[in-house]
Structures are given as C-alpha cells and as structure tokens.
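Notes follow once the structure below has been shown.
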Amino acid sequence: MSEDDGDLYAESLSKSFGKVTALEDVGLIVPRGQVMGLLGPNGAGKTTLIRILATLLRPDRGHATVAGFDVRHRPDEVRRRIALSGQHTSVDEELSGSANLVLIARLLGFSRRAAVARSRELLSRFALENAAARRVDGYSGGMRRRLDLAASLVGHPRVLFLDEPSVGLDPGRREELWSPIRTLADDGVTVLLTTQYLEEADALADTITVLDHGRVIATGTPAELKSRVGGHTVTVRPGDPAETAAAAAVLAEVTGQEPTRSARDEVMVPVAGDAEFFEITTRLRERSIGVSEVSLRLPSLDEVFLALTGTPAEAST
C-alpha cells in the first residue's frame with residue numbers, strides 16, 4: 001500500500017521537546033473510509049502525532065500527508081478537510097442543539113437555508129431531533145457527546161480525529177455513540193480514534209496502531225494483534241463448583257498443560273486450535289461433567305495491550 005492509497009500517511013515522523021523524544025520514526029497509513037485506533041500508554045506520543053497530522057505542530061523530521069496534502073507545505077488545504085472532536089464537548093450549553101449546529105454551519109460559510117438543512121440532517125442522524133430545541137445544558141452526557149460529534153461533521157470533513165470520544169460515559173452511553181461512528185465510513189470519512197476503552201477500539205477500528213515511548217510497536221487488525229500475542233484459550237466453568245478439579249484434569253489431559261483457575265471457578269488453558277477445544281468438550285460430556293459456560297477465544301485487546309506495553313490499559317489512562 002502506497003502513500004496514494006491513504007487519507008492519512010506518515011513516514012519516519014520524529015518530534016522532540018528539548019531532551020524528550022515524543023515521536024521517533026513513526027509511520028502509518030489509513031485508507032479512505034477506514035477507522036484506525038491509536039493506542040498507547042500515557043506519554044506514548046499519541047497527542048503529539050495527532051497534533052502534527054492536524055497541522056498544530058511541525059515535525060522535526062519525516063513526511064506526512066492528510067487527504068493527499070502535505071502537512072508542512074499545504075496546511076491550509078489540510079485544515080479544510082479535517083475536523084477534531086476532543087475529550088470535552090465544545091458546544092455552547094446556553095444554545096439549543098439546533099442553534100449550535102446552525103451557528104457552526106454559518107461560520108463555515110453555509111447559507112442560512114443550507115445551515116438549517118445541515119442541522120436537521122445531523123440531528124436526525126444522531127437521534128437528537130426530539131431535543132433540537134432544548135438548551136444543551138439540559139442534555140445528558142451521552143446526548144452532549146453525540147451533539148459534539150455532529151458538530152464536528154457539519155463541514156463534511158474527509159478526515160476526523162476522535163480523541164477519547166466517549167470518555168466519562170457509562171458502557172451503555174458509549175455504545176450509543178458507536179453506531180454513528182461506524183456509519184462514518186459509509187460516507188467516506190477516515191477516522192483516527194484514540195480511546196482508553198479497548199473494547200471501543202475492538203468494536204470500531206478496522207486497524208490498530210500501538211505506540212509506546214514514541215515508537216510504533218505493533219499495527220494490524222484487532223484479530224491480527226490478538227493472534228500475534230497468543231493463540232486461543234479454552235475457558236470452562238463447571239455447573240457444579242465441586243467438579244472444577246475434574247474439569248481441570250480434562251483440560252490438562254488434552255493439552256498437556258496445567259490449567260489456571262479463576263475466582264469464578266473457571267479453568268483456562270491455551271490450545272493449539274479448535275481440534276483441542278472439541279476434544280475437551282467431548283471428554284467433558286463423556287465424564288458427565290456439566291458446564292455452565294465453555295468458550296474458545298482469542299486474547300482480549302486488554303491482554304494484547306498488556307503484552308505489548310507491559311502496562312494494563314486502565315493504568316495508562
């Protein structure tokens with residue numbers, strides 16, 4: 001894949017602040033209409049990279065283009081094609097949802113009629129039409145985040161930087177935000193997403209790049225990263241906790257490895273593939289060991305993050 005294939009392209013980007021190296025030889029490519037998750041511990045260089053791509057910082061070395069325009073030499077063209085939605089909502093709480101979007105559209109040069117039409121379109125898209133006339137200070141946290149995302153799309157950006165879009169929201173509210181983000185690719189919008197919630201990256205990202213100490217240490221689809229870190233794991237929870245030891249013995253017999261146990265009376269063991277999984281389930285049935293749960297899974301992104309960076313995801317936010 002070449003530079004011409006990517007809406008976001010970086011090669012050998014480096015940036016230092018005094019003696020501190022924020023980025024060193026960073027490269028990435030994001031094709032148009034895809035979502036890339038940018039992950040890493042605090043201080044990994046994520047914010048510096050976004051600021052360079054958004055033309056807010058100049059790199060010391062390297063080359064980057066956004067929507068085909070060089071961030072050093074054509075910053076004005078880059079800015080016309082990007083939008084940024086940060087961790088904190090930027091809408092005016094004293095205005096209604098509709099008024100916020102109309103105001104932004106007018107500032108971007110829309111006619112009055114076009115601004116109203118764009119406002120209605122986005123309020124409908126983000127399921128906010130019933131709250132269009134209400135002041136934003138009466139919105140819930142999830143509604144405010146949806147309005148802020150709608151505001152970032154008023155100008156039809158080709159590239160959208162999403163910096164922790166669902167920070168502070170409970171799981172149910174986060175999922176409400178995921179659906180409209182997923183639909184952005186259908187409009188040809190390219191998204192660079194940073195998030196502290198790894199299940200969010202797993203749900204939304206086509207590819208993931210992991211930064212640590214200013215360097216790219218891994219890149220790939222969520223499935224590729226999970227496969228790289230480790231194979232499948234079988235987890236068995238007996239219906240009767242008294243049969244946990246018997247279930248563990250079956251896992252050990254099939255795999256030749258000692259299973260680990262959790263506080264939830266689960267036993268877990270890595271397997272080479274689904275053949276061992278089916279052999280385990282067959283032997284459990286033959287020995288009449290009832291189970292309330294049995295699964296074959298790849299590592300979670302949290303486990304991938306820990307294996308790659310040495311830092312639990314919750315400790316890096």
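The values are calculated or read from the model by the stated rules, or taken from the named source; none is laboratory data. Given the structure is predicted, the values throughout are model-derived calculations rather than measurements. Just the protein is used for accessible areas: all its heavy atoms, side chains included, with ligands, DNA and RNA removed. Shrake-Rupley method; radii C 1.70, N 1.55, O 1.52, S 1.80 Å.
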>> Please compute, over every Cα-Cα pair in region 22-173, the percentage with a separation greater than 27 angstrom.
In response: 31
> In square nanometres, what is the average projected area of the Cα convex hull of region 39-81?
Replying inline: 3.3
>> For residue 12, what accessible surface area do you get with a 1.4 Å probe? Give it in Å², rounded to 10.
In response: 50
>> Given Cα positions, please report Rg to Rh for region 141-194, the hydrodynamic radius being the Kirkwood one.
In response: 0.94
> Can you give me the pair-distance distribution of region 67-134, C-alpha pairs, 5 Å bins, whole percents?
Replying inline: 3, 16, 18, 21, 18, 11, 8, 4, 1
> What does the convex hull of the Cα atoms come to per residue for region 133-286, in Å³?
Replying inline: 198
> Given the alpha-carbon gyration tensor of region 196-306, what are the semi-axes of its equivalent ellipsoid in whole angstrom, ordered largest first, with each equal to the square root of 5 times an eigenvalue?
Replying inline: 32, 14, 12
>> Leaving ligands and nucleic acids out of the surface, order 104, 280 by accessible area at 1.4 Å, largest first.
In response: 104, 280
>> One quarter of the convex hull surface, Cα atoms only: what value does that give for region 241-299 in nm²?
In response: 3.9
>> Rg over Rh of region 104-210, using C-alpha atoms and the Kirkwood radius, what does it come to?
In response: 0.97
>> For the full complex of protein chains and a 1.4 angstrom probe, list 69, 278 by accessible area with the highest value first.
In response: 278, 69
> Once the Cα atoms of region 1-95 are picked out, what are the Rg and Dmax in Å?
Replying inline: 14.2, 47
> Between region 155-228 and region 117-133, what is the C-alpha centre distance in whole Å?
Replying inline: 24
> When averaged across all projection directions, what area in nm² does the alpha-carbon convex hull of the chain cover?
Replying inline: 20.0
